[in-house]
Ligand SMILES: CCCCC/C=C\C/C=C\CCCCCCCC(=O)SCCNC(=O)CCNC(=O)[C@H](O)C(C)(C)COP(=O)(O)OP(=O)(O)OC[C@H]1O[C@@H](n2cnc3c(N)ncnc32)[C@H](O)[C@@H]1OP(=O)(O)O
Ligand SMILES: CCCCCCCC/C=C\CCCCCCCC(=O)OC[C@@H](O)COP(=O)(O)O
């Protein structure tokens, strides 16, 4: 099929437009910068997941695959100029199952989480994440535990099963007890699953707090700058 000669002109014009418009928006509009950065963040994770899937698939669904995801995600903080400072990591019990509880501000939590994620540790995630394309499949292969928040009974059954296997399979579980993202500077009342889990399995709870992102990131204001500190405290 022959392409209409004028079509090349249109393509060229569009290309030039993008070449000038995108950098102009990037430098002049903080909101546009926010959207580009978030779009790249999600897109990059989806792309990395495509690379991770065949490597993880060799083992099948296995918590050891989380090491692969972690290694593949660690560089993202450099792309975004985010310095992650970890304090008190020595408080992690050395070699036993436990439940990590942590605050949940945004999907950027993934960066802090990957920085300190202990070996054989799997997060509990909302079921919808399973359908997030390649990222969902990569999470499944790495043993992420999915729960349906709308069906409390089902979620409790899943967590009770986890309590039973925590000790036998020597795994740690990472729970965001607020149950959803919360970026308003305070913490939401905790859901109780993480605590039932720890009591049922008779394992310690390890609390982790990621400091507020307000200095460099605010979804409401569409603001996402870089170079600012992002601390993690474990006490
Ligand atoms: C290289 C490429 C990589 C690509 C891959 C990308 C990513 C990298 C990989 C991994 C990272 C993944 C990161 C994922 C992060 C995802 C974060 C989230 O999805 S957060 C949302 C999901 N999490 C949660 O919801 C937290 C857990 N929730 C709970 O624990 C809840 O308690 C609940 C079990 C869901 C129930 O919630 P509900 O709203 O009903 O409220 P309550 O807590 O008040 O509970 C009601 C009632 O039930 C009792 N209860 C609760 N749990 C139990 C239990 N286990 N056993 C017995 N009873 C239980 C509770 O006590 C209440 O009763 P009562 O009022 O009588 O006390
Ligand atoms: C073909 C389908 C393509 C779907 C594209 C989906 C894009 C998703 C891309 C990358 C995923 C990045 C992984 C981020 C992991 C963090 C997940 C997260 O933060 O989930 C939110 C959840 O805690 C709470 O949800 P709500 O605040 O209740 O809502």
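Observations
- Summary of the geometry: segment 91-149 and segment 24-49, compared by the centres of their Cα atoms, lie 23 Å apart.
- Fewest-first sequence of 9, 159, 187 by Cβ atoms within 10 Å of each Cβ: 9, 187, 159
- Neighbour counts of other Cβ atoms within 10 Å put 106, 31, 186 in the fewest-to-most order 186, 31, 106.
- Packing-based exposure ordering (other Cβ within 10 Å, fewest first) of 197, 51: 51, 197
- Of all DSSP beta bridges confined to the chain, the antiparallel ones make up roughly 20%.
- Using alpha carbons only: equivalent-ellipsoid semi-axes of segment 8-234, gyration tensor based, whole Å: 34, 21, 16
- Sorted peptide list for 161-169, 141-149, criterion being average Cβ within 10 angstrom, highest first: 141-149, 161-169
- Full-stretch length increase - residue 152, residue 220 - with 0.36 nm per residue and alpha-carbon distance subtracted: 21.5 nm
- Peptides ranked, highest mean first, by Cβ atoms within 10 Å: ranges 176-185, 86-95: 176-185, 86-95
- Difference of contour (0.36 nm per residue) and Cα-Cα distance, residue 28 to residue 181: 52.2 nm
- Highest GNM mean-square fluctuation among 33, 220, 67, for the chain modelled with Cα contacts below 10 Å: 220.
- Here the contact order of the chain, divided by its residue count and restricted to Cα pairs under 8 Å and six or more residues apart, works out to 28 percent.
- The long axis of helix 30-57 is offset from the longest Cα principal axis of the chain by roughly 60 degrees.
- Shape category assigned to segment 29-106 from the gyration tensor of Cα positions, a/c cut at 1.5: oblate
- With 0.36 nm allotted per residue and the present C-alpha distance subtracted, the residue 128-residue 205 stretch has 25.1 nm of extension available.
The numbers here are math on the coordinates, done by the rules we state, and not lab data. Because the structure is predicted, anything quoted here is derived from the model rather than measured. Please note: Cβ atoms are built from the backbone with ideal geometry, for glycine as well, and neighbour counts cover all protein chains shown.
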